[in-house]
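Participant: The structure follows.
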Amino acid sequence: MFKNKQLTRRLQTNLHRVDKLLLLIVYTLVAIGTIFIYSATKEDPKTQSIIVKHLFWVVLGTGVMVFLTFYDYRKFEKRILILICISIGLLLLVKFAGQSRLGAQRWIMIGPFSLQPSEFVKVMVILILGAFITKNYKNGINTIIDIFVVFLPISIIVVLILIQPDLGSTLAIIFIFLSMIFLYGVRLKPIIIMGLVACVLAVPVYMFGLKSYQKTRITTFMNPERDVRGDGWNIVQSKISIGAGGLTGTGIFKGSQSRLSFLPEAQTDFIFSIISEELGFVGSASVIVLYFLLIFFILRPSKLIENEFGKMILYGAASVFFFHLIVNVGMTMGMMPVTGKPLLFLSYGGSSYLASFMLIGLVQSVKIHVD
């Protein structure tokens, strides 16, 4: 009886500590995403199937988030080797039993669903880096050698993603890595030196390290109008869609670009273009504000908790949402190359939805497990 009262009291305490405003922002984005996924696909005969699958991922993601919310995140700190092995195992499964699409092997099939393991691996990378850094670098990361050593636990993971090839996810993980060590505490001198080296290596990497389609994406980004009906089609149509929205938009479900199928992959890569066309500058700016509020509420507990591993999880989660926001919105506006990175909680995609809910669950766990 006494134990039941203790469990009830603990559950009440944990529920009280859940960040309700964070959840409100998340499900506001999910609701917006659902509306515009339907808008982007309503002319598609498979619309009903797409929406049903989307809602399935939302429900499943919510379940995963709830589980992680009440699971003590500190238990992951002692399981770094298991996390590394799971990450490598998933990526090897993709390598030898994955499905190829658009010149890349990034997906595995589970019944009627396709999953992209690199999305889940990004979550595990945050846990791996957080545990490794807080255990071994209590006085900060001070030299280039320190930076390379910190990178070692995820180096095989990065290589396996790069050879899929998946440059977008590789860049995402590098951004997560740099964000986490910067926010944790790293001297700027080694970062500046590495940045200069990266600039020097950029040309040879472009010439000899990128696949032909990756080079095409960069050249198309520089001048999409040179091949309007070919490689530049997506970016040009996306910019037309955003411009057509004006200040207040054409109205929900009234966008011409999606309705007339001018914009490919509208429900995934270019969902922001559909939002911009139908809701205009006011609506698209509001969505961006929601994302920055999401990032703010993710980072807010970092000032209140003492556990360094917990802080690192918050830093990593915030960096994922920031990266996807900047890259996806920049891509739709023609300010960044097309990389296929979705706008989390808005773009259609089971793997990205599950991974996003996992991140929110971990953030909530950090907030409630402060004893």
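Participant: Given the conditions (1) free of Cβ contacts under 8 Å to residues at least 40 places away in the same chain; (2) over 22 Å from Glu308 (Cα atoms), and given that Pro165 satisfies all but one, which numbered condition is not satisfied?
Facilitator: With (1) free of Cβ contacts under 8 Å to residues at least 40 places away in the same chain; (2) over 22 Å from Glu308 (Cα atoms) applied to Pro165, the lone miss is (1).
Participant: Separate question: Could you please let me know if Ile108 is crowded, with 16+ Cβ neighbours inside 10 Å, in contact with a helix residue (DSSP H, G or I) (Cβ under 7 Å, 6 or more places away or on another chain) and outside any helix (DSSP H, G or I)?
Facilitator: yes
Participant: Any residue in segment 309-321 that's farther than 20 Å from Ser352 by Cβ: show its pairings with residues that are open to solvent by 10 Å² or more (accessible area, probe 1.4 Å) and among the acidic types (Asp, Glu) at Cβ separation under 7 Å, as long as the two are six or more apart or on different chains.
Facilitator: Qualifying pairs under 7 Å: Phe309/Glu77.
Participant: Sticking with this one: Limited to segment 111-133, what total is found for residues that are among the aromatic types (Phe, Trp, Tyr) and either under 19 Å from Ala355 (Cα atoms) or not in a helix (DSSP H, G or I) (or both)?
Facilitator: Counting residues in segment 111-133 that are among the aromatic types (Phe, Trp, Tyr) and either under 19 Å from Ala355 (Cα atoms) or not in a helix (DSSP H, G or I) (or both) gives 2.
Participant: Pull up segment 134-167, narrow it to residues that are part of a loop (DSSP other than H, G, I, E, B) and among the hydroxyl-bearing types (Ser, Thr, Tyr), then point me to the one that is surrounded by the most Cβ atoms within 10 Å (Cβ to Cβ).
Facilitator: The selected residue is Tyr137.
Participant: A follow-up question, please. Enumerate the pairs (first residue in segment 11-26 and open to solvent by 40 Å² or more (accessible area, probe 1.4 Å); second residue anywhere and not basic (Lys, Arg)) with beta-carbon separation below 7 Å, excluding pairs fewer than 6 apart on the same chain, so at least 6 apart or on different chains.
Facilitator: Arg17/Ile368; Leu21/Phe297
The values are calculated or read from the model by the stated rules, or taken from the named source; none is laboratory data. All of these numbers come straight from a predicted model, not from anything done at the bench. Ideal geometry is used to build each Cβ from the backbone, glycine not excepted, and the neighbour counts take in all protein chains shown. Surface accessibility is based on the protein's heavy atoms, side chains included, excluding ligands, DNA and RNA. Shrake-Rupley method; radii C 1.70, N 1.55, O 1.52, S 1.80 Å.
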